[in-house]
Amino acid sequence: MLKIDLHNHTADDPYDRIPHTTAELIDRASALGYDAIAVTLHDKQYDHTRLEAYAAVRGLTLVPGVERTIRGRHVLLINFPAHAALRVDGYEDVEPLKRSHPHGLVIVPHPFFPLTNCMRGWTDRYRPLFDAVEYNGCYSAAVNFNRTVPAWATANGLPLIGGSDSHRLMAFGSTFTLVDADSRTPDAICAAIKAGRVQLQTQPLPLPRMAEYLGRMVLGGHHPVPAQPRQVSPA
């Protein structure tokens, strides 16, 4: 079984101000015994070849990925070529992307969190596009917006995977996925997830730690970005 996390952010992110570098994330993942991670910047695909050798020496596979904003909502596009993933502007573009690149993986992250960039009411509407659903690591025993995710995943026949969504390293390591893949390659990992050969591993953050984490994110702020297109509520 491979220990993986396919939802992470680093200082290369063009939107959120993240203090840790990609190399620091790799070091942390290696120290915790991970086999593979994805660096999923907002609307920018990290060039994983820059640190591929650095990660390999530390026993890690870097899986290509991006957290794409589609009509104002976040979707994880994993193991697609950057030029193809970044051309996705609407949900009508996702199915052709998957047909052209069958080894890719489409994940709905933090689906029911009460934020405008989460899928929420659109999750059911676009269910046929998704290959997996995320149990997000940002939660405590008292505050957990993931509570309905396992039942939704079961009802819709989707694998449930863990993602730390790590904007700070203090939140990395409590939620991840064990994947029964044939090898450590990105293609094999994505194929195993699609086949449902996964085990969610998660534990809540202590409430003071989560409060500190969220506070640091708020105080950290964002990089200036162009205005997003007007969001349209689902019919």
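The values are calculated or read from the model by the stated rules, or taken from the named source; none is laboratory data. No experiment lies behind these values; they were computed from the predicted model shown. Virtual Cβ from ideal backbone geometry, glycine too; neighbours counted across all protein chains shown. Quick note on the areas: whole protein, heavy atoms, side chains included, nothing else; ligands and nucleic acids left out. Shrake-Rupley method; radii C 1.70, N 1.55, O 1.52, S 1.80 Å.
Tabulated data
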quantity: Most mobile listed residue (LEU51, LEU77, LEU169) in the chain, GNM with C-alpha springs under 10 Å; calculated: LEU51
quantity: Protection proxy ranking of 144-151, 3-10 - average other beta-carbon atoms within 10 Å, highest first; calculated: 3-10, 144-151
quantity: Relative contact order of region 70-209, pairs being alpha-carbon contacts under 8 Å that are 6 or more residues apart, as %; calculated: 21
quantity: Kirkwood-type radius of region 112-183, with distances r between different C-alpha atoms, in Å; calculated: 13.4
quantity: Ratio of Rg to Rh over region 52-151 (Cα coordinates, Kirkwood Rh, two decimals); calculated: 1.01
quantity: Helix-only CD estimate at 222 nm, as mean residue ellipticity for the chain, using -39500 (n - 2.57) per DSSP H run (n ≥ 4); calculated: -7000 deg cm²/dmol
quantity: Relative intensity, log₁₀ I(q)/I(0), of region 100-140 from a Debye sum that treats every alpha carbon as a point, q = 0.14, 0.21 Å⁻¹; calculated: -0.35, -0.70
quantity: Separation between Cα centres of region 1-77 and region 100-160, rounded to whole Å; calculated: 19
quantity: Principal axes of the chain: Cα extent on each, largest first, Å; calculated: 47, 39, 36
quantity: Extension gain from TYR91 to VAL143, taking 0.36 nm per residue of separation minus the Cα-Cα distance; calculated: 15.7 nm
quantity: Sequence-distant residues sharing a close amide H with THR61 (under 5 Å, placed H); calculated: ALA36, ILE37
quantity: Heavy-atom accessible area ranking, 1.4 Å probe, most first, across HIS110, HIS83; calculated: HIS83, HIS110
quantity: Viscosity 1.002 mPa s, 20 °C: Kirkwood-radius Stokes-Einstein D of region 1-123 over Cα pairs, µm²/s; calculated: 144
quantity: Cut-off under 5 Å, modelled amide H: who pairs with THR21 long-range; calculated: ALA11
quantity: Rounded to 5, percent antiparallel among DSSP beta bridges of the chain; calculated: 60
quantity: Probe 1.4 Å - accessible area at VAL57, Å² to nearest ten; calculated: 120
